[in-house]
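The values are calculated or read from the model by the stated rules, or taken from the named source; none is laboratory data. From a predicted model like this one, the values you see are computed outputs, not experimental measurements. Heads up, the Cβs are rebuilt from the backbone with ideal geometry, glycines too, and the neighbour counts pull from every protein chain shown. Areas reflect the complete protein model, heavy atoms only, side chains present, ligands, DNA and RNA absent. Shrake-Rupley method; radii C 1.70, N 1.55, O 1.52, S 1.80 Å.
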Amino acid sequence: RRFLAIVRYELLWNIRKKKFLGMIIVAFVLASVALVVPVILSNVRHEPIPQNADQAVTTGVGIGGFGFFLFAVVIAMNSISGEFESGTIVPLLTKPVSRTMIFLGKMFASFLILLVTYAILLCYLSIGSIVIYGPQNNLHLLPLSLIGSIISTFIWIALILAIGTISKSSMIAALGAFGIWMGLMIASGVVSMATEQAWVLNYLPGEGASGNIGSFNLGTAITTGTDSVASILVTYVLN
């Protein structure tokens with residue numbers, strides 16, 4: 001009961017945030033853009049809409065690495081640091097609940113929020129893909145996209161929680177995480193072009209390096225880095 005009380009407390013705190021509701025709207029806008037951009041390009045070129053039977057499974061949740069980062073910031077930037085700023089950390093820690101249970105309860109609440117949100121986005125994109133691009137194949141791989149997307153987001157959540165816990169400031173947690181995201185994005189391009197050590201990017205948060213599975217012209221394009229866990233899993237199973 002104590003664990004569920006913490007989960008409920010964290011869920012209500014997140015759901016009531018205006019920035020969380022705003023992020024939901026942004027996520028659906030990004031997902032819609034991922035659906036309609038090929039249609040717009042076809043109209044501009046005066047070509048028929050391309051039929052893509054793997055549109056749903058290859059698009060994932062449709063928000064990209066930047067969307068994962070934004071969700072992590074919205075969910076985690078004041079998950080712990082906000083308790084210090086508002087003073088609620090004192091009554092929270094005086095309850096007969098261990099700090100480990102408090103932390104795990106907050107993490108489980110974040111997991112539930114991402115699970116529900118990303119599942120709805122996947123359903124939305126799957127229906128849209130069927131309507132626009134015709135019958136879809138490999139829909140049984142959508143759970144892999146769901147799991148991979150949650151893992152990608154949780155890596156950013158862990159980083160933001162670490163910064164927020166050390167600084168006890170939600171603003172520093174958000175700005176510090178954004179600085180790291182921006183720095184890694186710039187560094188990945190420099191490392192990929194200027195050195196032969198691009199493999200290092202495979203294990204860093206962000207987009208990582210890009211490449212092909214198979215031949216350069218006919219192979220399947222794939223990106224690495226922690227933001228691409230979903231696409232890596234799906235591509236591995238498909239190939």
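Only one of (1) in a loop (DSSP other than H, G, I, E, B); (2) more than 30 Å from Val237 (Cβ to Cβ); (3) open to solvent by 30 Å² or more (accessible area, probe 1.4 Å) is not met by Ser79, so which one is it?
Condition (3) is where Ser79 drops out.
Applying the selection to the stretch 83-95, what residues are touching a residue at least 12 places away in the same chain (Cβ under 8 Å) and open to solvent by less than 90 Å² (accessible area, probe 1.4 Å)?
Selection gives Phe84 alone.
So which of Lys106, Lys168 ends up being under 20 Å from Lys19 (Cβ atoms), among the basic types (Lys, Arg) and open to solvent by less than 60 Å² (accessible area, probe 1.4 Å)?
One residue alone meets the criteria, Lys106.
Answer with yes or no whether Phe108 is aromatic (Phe, Trp, Tyr), assigned to a helix (DSSP H, G or I), touching a helix residue (DSSP H, G or I) at 6+ places or on another chain (Cβ under 8 Å) and within 23 Å of Ser228 (Cβ to Cβ).
no
Being free of Cβ contacts under 8 Å to residues at least 24 places away in the same chain, among the hydroxyl-bearing types (Ser, Thr, Tyr) and either open to solvent by less than 20 Å² (accessible area, probe 1.4 Å) or not in a loop (DSSP other than H, G, I, E, B) (or both): is that true of Thr58 here?
no
Enumerate the pairs (first residue in the stretch 22-45 and more than 9 Å from Gly62 (Cβ to Cβ); second residue anywhere and loosely packed, with under 13 Cβ neighbours inside 10 Å and not charged (D, E, K, R)) with beta-carbon separation below 9 Å, excluding pairs fewer than 6 apart on the same chain, so at least 6 apart or on different chains.
Ser42/Pro48
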